[in-house]
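Asker: Pasting a structure here, questions to come.
The values are calculated or read from the model by the stated rules, or taken from the named source; none is laboratory data. From a predicted model like this one, the values you see are computed outputs, not experimental measurements. Backbone-built Cβ (ideal geometry, glycine too); neighbour counts: all protein chains shown.
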Amino acid sequence: MTDLYRLLPEEMEQLVVDMGYPRYRADQILLPLYYKFPKELDDIPQLPKRLREELTATGYTIGSAKEIHRVVSNDGDTTKLLLGMTDNSSVETVLMQYEPAVIGGHPRSTVCVSTQIGCAMGCVFCATGQMGFETNLKAEHIVSQVIHFAEMLQQRDEHITNLVFMGMGEPMANYDEMIRAVKILTHDRGFGLGQRHVTVSTIGIRSGIKRLAEEDLQIGLAISLHAPNDKLRRKLVPTASPNSVEEIIQDGRDYFKKTGRRVTFEYALMAGINDSPEIATELAKLLRGNGSHVNLIPINPTAGDFERPHENNVLEFKQILSDAGVNCTIRVEKGTEISAACGQLRTDLATQS
Ligand code: SF4
């Protein structure tokens, strides 16, 4: 069985041509797939019945995700879904909606996409890391998460504006499937989201950053740093070695040089661990003059023993970075009470309420 959501538009075209049909038949499949969300081939009546039958007979299907569980935050802005995939795996995905009053500019509907079930990186403050690695998601199952939210939003006359590959898993550890999904989701004959509205986040897999820089895509890169030196970073991200902080920052510089896209360094702030003024000063020295951006994320409650720093400490940390000329923001909090925020995703229904 091959899920049509797996195919790049060029591959869809090749498929119909190989079956003896004109190229334009590919667009008769692609358009409904990404704008009308059919559940089966017979939901695309403009496609000749013979082609629908031949596709089915040769094992092509439309693999929609099934919603197993939905939780919505008190303010209604964050929706966390547990989605069942066609291979019986299940994965958490989150939609975060932002009003212009909070972020400036236009309203945003951002999907936080998962690329793996569980994660092998073992970050000590992350619920996904604590559940361990289960499996890589196929590109079609990454695309399905987005399609599911796109259909939900379409019913409210809204649409997805941004994608962040920051859900469960390390995207660079599932590079081929992740990048296939990115290409489908940003292809103008696929889902058609602008490349500049997509960000891939990594804990610092150097080979993945280098490959991404070579893709000739305009997507954003976020590197989760969490510490300004190797000693502390290895405590928080046990799999970080052998990559040093210096090397990862250099990779960020190289990515910027190659793509022109600014790199964001994500920094989860944990009380008494990595939130002191001395550490802020060390981080500022490391990053100043780089043109990089730091996103401070006061830690969310997870399975670990870490505590969120006091608001004053967060503001002081930010001030030290800003004073050194390092561009810095504090992440707008979303969905903490439904365990949908950063580092809180895991496919254990018992953790949801
Ligand atoms: S923070 Fe990201 S890389 Fe680290 S364990 Fe969690 S999902 Fe994996």
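Asker: Run down 206, 233, 180 and say which single residue is away from the ligand (no atom under 16 Å from the Cβ) and of a type in the set (Lys, Arg).
Answerer: 180
Asker: A follow-up question, please. Tell me the residue from 79, 56, 93 that is within 19 Å of residue 331 (Cβ to Cβ) and in contact with a helix residue (DSSP H, G or I) (Cβ under 7 Å, 6 or more places away or on another chain), please.
Answerer: Working: 79 fails: in contact with a helix residue (DSSP H, G or I) (Cβ under 7 Å, 6 or more places away or on another chain); 56 fails: within 19 Å of residue 331 (Cβ to Cβ).
93 is the lone residue from the list that is within 19 Å of residue 331 (Cβ to Cβ) and in contact with a helix residue (DSSP H, G or I) (Cβ under 7 Å, 6 or more places away or on another chain).
Asker: Can I ask one more? Can you say whether residue 88 is in a loop (DSSP other than H, G, I, E, B), more than 12 Å from the ligand (Cβ to nearest atom) and touching a residue at least 24 places away in the same chain (Cβ under 8 Å), as far as the supplied structure shows?
Answerer: Here the answer is no, as residue 88 does not meet what is asked.
Asker: Give the residues of the range 268-310 that are assigned to a loop (DSSP other than H, G, I, E, B), within 15 Å of the ligand (Cβ to nearest atom) and of a type in the set (Gly, Ala, Ser), sorted by residue number. Give the derivation first.
Answerer: Quick first cut of the range 268-310, residues assigned to a loop (DSSP other than H, G, I, E, B) only: 270-276, 288-292, 299-310.
Retained after the next criterion (residues that are within 15 Å of the ligand (Cβ to nearest atom)): 270, 273-274, 299-304, 306.
Once the filter is applied, which keeps residues that are assigned to a loop (DSSP other than H, G, I, E, B), within 15 Å of the ligand (Cβ to nearest atom) and of a type in the set (Gly, Ala, Ser), the range 268-310 yields 303, 304.
Asker: Okay, next question. Please go through the range 120-179 and pick out each residue that is of a type outside the set (Phe, Trp, Tyr), crowded, with 21+ Cβ neighbours inside 10 Å, over 22 Å from residue 220 (Cβ atoms) and at pLDDT below 95.
Answerer: Once the filter is applied, which keeps residues that are of a type outside the set (Phe, Trp, Tyr), crowded, with 21+ Cβ neighbours inside 10 Å, over 22 Å from residue 220 (Cβ atoms) and at pLDDT below 95, the range 120-179 yields 127, 129.
Asker: Oh, and also: Does residue 55 satisfy being outside the structural domain of residue 343 (by TED's automatic domain parsing) and at negative phi?
Answerer: Spelling it out, residue 55 is indeed outside the structural domain of residue 343 (by TED's automatic domain parsing) and at negative phi.
Asker: Are any of the residues in the range 113-130 in a helix (DSSP H, G or I), under 22 Å from residue 209 (Cα atoms) and in contact with a Ser or Thr (Cβ under 7 Å, 6 or more places away or on another chain)?
Answerer: Within the range 113-130, none of the residues are in a helix (DSSP H, G or I), under 22 Å from residue 209 (Cα atoms) and in contact with a Ser or Thr (Cβ under 7 Å, 6 or more places away or on another chain).
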